[in-house]
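Colleague: Provided herewith is a single structure, encoded as structure tokens, for subsequent inquiry.
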Amino acid sequence: MQYNFIICHYAEIGLKGKNRRFFEEGLIENIKKSFILNSCDGLKNIKRISGRILIQISGRHLSWLQAMTGKDNRMEEDRVRQALKNVFGIAYFSFAVDCKQNIGEIKKKSFEILKNKKFKTFRIETKRAEKDFSLTSQQINQQTGEYVLRKLKAQNAKLKVNLGNPDITCFIEIVEKYAFLYLEKIKGLGGLPVSVSGKAISLLSGGIDSPVASFYGMQRGIKIIFLHFTSYPFTEQASIEKVKKIVKILNKFQFQSKLYLIPFLNIQKEILLKTKAKLRVVLYRRFMFKIAEVLAKEERIKVLITGESVGQVASQTLENIKVIQEATKLLILRPLIGMDKEDIIKKGKDIGTFDISILPAQDCCQRFLPKHPETRANLKKVEEEEKKLDVEKLIKEAVKKLKVEKI
């Protein structure tokens with residue numbers, strides 16, 4: 001059986017009312033970008049239909065959707081599947097065939113896509129977006145099921161219909177002028193299409209947490225611009241390469257990424273020489289937030305995403321989080337704030353960043369950690385220490401030396 005369409009279903013987008021078209025167009029744009037990124041750029045015929053995104057398969061892409069595929073064709077199918085699995089906004093998608101909207105054609109096509117499959121039990125499941133179709137969903141299920149059972153009984157006398165837990169399900173959708181049939185629902189990422197919610201800067205340390213926080217930001221439709229602070233040459237060049245690899249992995253979910261690299265060593269030296277040791281980490285973080293605000297202004301962004309989770313490290317007590325966030329007027333989103341470390345690790349493994357995150361490479365803060373960092377910082381005392389530094393000058397010098405990587 002040769003499939004000629006891919007149907008993408010969404011969940012949240014369907015609840016957007018008058019703004020739904022904006023979200024649908026964002027989803028279509030991201031599907032196109034993901035196809036290009038995954039070398040599936042021949043799939044360009046993509047359009048909106050009632051509650052779905054429809055992709056027409058044409059040309060060379062028809063070959064790998066045959067019932068019997070060779071190794072190369074299977075690789076191409078895998079690329080298309082992976083491209084769609086990386087697009088936020090898709091709840092699930094299916095490779096489908098279409099036929100005329102009449103029960104005779106639907107019954108014949110159902111038999112065709114099932115006849116070469118191995119199964120002992122089956123069912124027919126119909127959804128009708130077009131309620132003026134002559135038969136109800138239940139009637140389509142019954143008539144099609146009876147036809148398929150009768151035709152296949154000749155091959156397998158023990159074949160049965162099982163409505164509860166069948167070996168295989170033939171899905172039928174009646175929508176607009178189409179009747180679609182398919183056998184598999186492939187789970188997508190869900191959420192909202194990247195960019196429909198605007199942009200944010202995400203602090204990326206190279207550890208386990210911040211890539212996962214960035215992923216969750218993307219899931220809510222936020223386009224991420226990455227910001228990493230480096231203490232090179234006190235930290236290895238490998239730490240920068242590690243962050244680039246993480247951004248490359250995350251880029252598969254948003255298709256075009258920008259990474260800001262900010263030299264942080266001079267700021268750390270000043271803090272080390274002129275302020276109390278126990279407040280170093282809090283002061284480091286406040287400078288990071290202030291620099292992020294400068295870049296956010298240039299990018300016309302009002303949101304900062306961090307990988308903070310309450311209680312994980314000294315800087316992430318409630319008191320310290322409060323003192324640190326006072327350094328900026330940006331809205332701060334903390335997707336991981338209430339998550340357990342095990343859950344964060346699991347998500348890091350799922351999205352492919354974990355194995356890179358655990359590679360040995362010091363980040364800028366680890367290089368100059370005090371023995372006994374403050375866990376309950378006082379804003380007034382922190383600001384008094386900050387007055388010992390030429391904050392504005394240090395920030396300007398750091399921003400002046402920034403590097404930008406486009407991925």
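The values are calculated or read from the model by the stated rules, or taken from the named source; none is laboratory data. These numbers were taken from a predicted model, which means no experiment stands behind them. Here the Cβ positions follow ideal geometry from the backbone for every residue, glycine too, while neighbour counts run over all protein chains shown.
Colleague: Restricting to region 21-53, what's the tally of residues that are β-branched (Val, Ile, Thr) and either assigned to a strand (DSSP E or B) or at pLDDT below 95 (or both)?
Modeller: So the count comes out to 4.
Colleague: Follow-up question, since we're still on this one. Out of (1) out of contact with any helix residue (DSSP H, G or I) (no Cβ under 8 Å at 6 or more places or on another chain); (2) among the basic types (Lys, Arg); (3) at pLDDT below 95, what's the single condition that is false for Arg367?
Modeller: Answer for Arg367: the failing condition is (1).
Colleague: Hey, another quick one. Can you name every residue in region 144-173 that is of a type in the set (A, V, I, L, M, F, W, C) and under 24 Å from Arg128 (Cβ atoms)?
Modeller: Once the filter is applied, which keeps residues that are of a type in the set (A, V, I, L, M, F, W, C) and under 24 Å from Arg128 (Cβ atoms), region 144-173 yields Val148, Leu149, Val161, Leu163, Ile168, Cys170, Phe171, Ile172.
Colleague: Just for region 77-91: of the residues that are closer than 25 Å to Lys115 by Cα and out of contact with any Leu (no Cβ under 8 Å at 6 or more places or on another chain), which one is modelled with the lowest pLDDT?
Modeller: Only one residue fits best here, namely Asp78.
Colleague: For region 102-123, enumerate the residues that are closer than 21 Å to Lys158 by Cβ and not in a loop (DSSP other than H, G, I, E, B).
Modeller: We begin by selecting, within region 102-123, every residue closer than 21 Å to Lys158 by Cβ; these are 110-111, 113-123.
Answer for region 102-123, where residues must be closer than 21 Å to Lys158 by Cβ and not in a loop (DSSP other than H, G, I, E, B): Ser110, Phe111, Ile113, Leu114, Thr121, Phe122, Arg123.
Colleague: Could you tell me whether any residue of region 299-311 is at pLDDT 95 or above, surrounded by fewer than 21 Cβ atoms within 10 Å (Cβ to Cβ), farther than 30 Å from Leu27 by Cα and not aliphatic (A, V, I, L, M)?
Modeller: Looking through region 299-311, none of the residues is at pLDDT 95 or above, surrounded by fewer than 21 Cβ atoms within 10 Å (Cβ to Cβ), farther than 30 Å from Leu27 by Cα and not aliphatic (A, V, I, L, M).
Colleague: Hey, another quick one. Please count how many residues of region 119-146 are of a type outside the set (Gly, Ala, Ser) and in contact (Cβ under 8 Å) with a residue 40 or more places away in the chain.
Modeller: Adding up the residues that qualify gives 14.
Colleague: Looking at Val294, Val212, Val247, which is the one that is in contact with a Gly (Cβ under 6 Å, 6 or more places away or on another chain) and at pLDDT 95 or above? Give the derivation first.
Modeller: Numbers: Val294 fails: in contact with a Gly (Cβ under 6 Å, 6 or more places away or on another chain); Val247 fails: in contact with a Gly (Cβ under 6 Å, 6 or more places away or on another chain).
That would be Val212, the only listed residue that is in contact with a Gly (Cβ under 6 Å, 6 or more places away or on another chain) and at pLDDT 95 or above.
Colleague: State whether one or more residues within region 311-329 are within 28 Å of Glu397 (Cα to Cα) and without any contact (Cβ under 8 Å) to a residue 12 or more places away in the chain.
Modeller: Taking every residue of region 311-329 in turn, at least one turns out to be within 28 Å of Glu397 (Cα to Cα) and without any contact (Cβ under 8 Å) to a residue 12 or more places away in the chain.
Colleague: Now, a different point. Are any residues in region 141-190 of a type in the set (Asp, Glu) and on the phi > 0 side of the Ramachandran plot, and if so, which ones?
Modeller: Listed by number, the list holds a single entry, Glu176.
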